[in-house]
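For reference, the structure discussed in these notes is given below.
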Amino acid sequence: MIAAIPSLRHGALVVPRSAEHAYEAAKAYLSRDSVERSLVDRLEHCWGRHFVLKIDDPNDDSFDPATGAIAWDPHSALRTTGGGRQSPALGLATKSTTRSHRRASKRDSAIVPTRYDTEEERRVITGSERHAARTLHESIRHDHEGRCYRVVSPTNR
């Protein structure tokens with residue numbers, strides 16, 4: 001029999017107990033931005049659906065709409081193509097935002113510039129992520145590229 005991983009509920013979001021401190025730090029940091037505060041609140045209070053935060057392999061943040069799993073590495077920051085830096089917390093916000101808008105993920109070359117893999121990525125990066133990056137004094141991305149690197153906490157960059 002496989003033992004269950006101890007977890008805590010944040011409304012509709014289940015967080016592993018081992019990640020509680022990292023999630024709370026990221027949430028407090030993101031809450032300094034009004035748009036991100038609203039999006040985190042919407043994620044935690046999503047009626048009729050549940051989501052699971054999974055601490056994943058290094059540098060592999062993603063969302064699986066079929067299972068509601070948000071994979072996040074709280075120690076993986078991003079160096080943008082322009083040489084700027086973004087915190088793991090902002091990466092969590094990006095995945096949570098992508099989760100809340102169920103749009104097609106196929107590339108449409110007529111709509112999606114080659115700097116983004118999908119229209120949804122472009123929308124999130126140039127929308128809520130950009131707003132939060134400005135508020136939190138982080139770098140703004142102009143594409144979906146970048147290189148990951150390790151940091152001590154979810155709010156470092």
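The values are calculated or read from the model by the stated rules, or taken from the named source; none is laboratory data. The structure displayed is predicted, hence computed values, not measured ones. Please note: Cβ atoms are built from the backbone with ideal geometry, for glycine as well, and neighbour counts cover all protein chains shown.
Looking only at residues that are over 20 Å from T135 (Cα atoms), more than 13 Å from the chain's Cα centre (by Cα) and among the hydrophobic types (A, V, I, L, M, F, W, C) in the stretch 23-50, which one is modelled with the lowest pLDDT? The residue in question is W47. Of the residues in the stretch 6-22, not one is within 26 Å of G146 (Cβ to Cβ), part of a helix (DSSP H, G or I) and of a type in the set (K, R). Among the polar types (S, T, N, Q) and touching a Lys or Arg at 6+ places or on another chain (Cβ under 6 Å): does that describe S31? So S31 passes the test.
Candidates in the stretch 60-90 are the residues that are surrounded by fewer than 20 Cβ atoms within 10 Å (Cβ to Cβ) and aliphatic (A, V, I, L, M); of these, the one that is nearest to R150 (Cα to Cα) is A71. Taking helices (runs of 4 or more DSSP H) as the structural unit, those lying wholly within the stretch 58-157 and holding at least 1 residues that are modelled with pLDDT of 95 or more correspond to 88-100, 128-135.
Of the residues making up the stretch 20-39, those that are buried (at least 16 other Cβ atoms within 10 Å of the Cβ) and in contact with a His (Cβ under 9 Å, 6 or more places away or on another chain) are A22, Y23, K27, D33, V35, E36.
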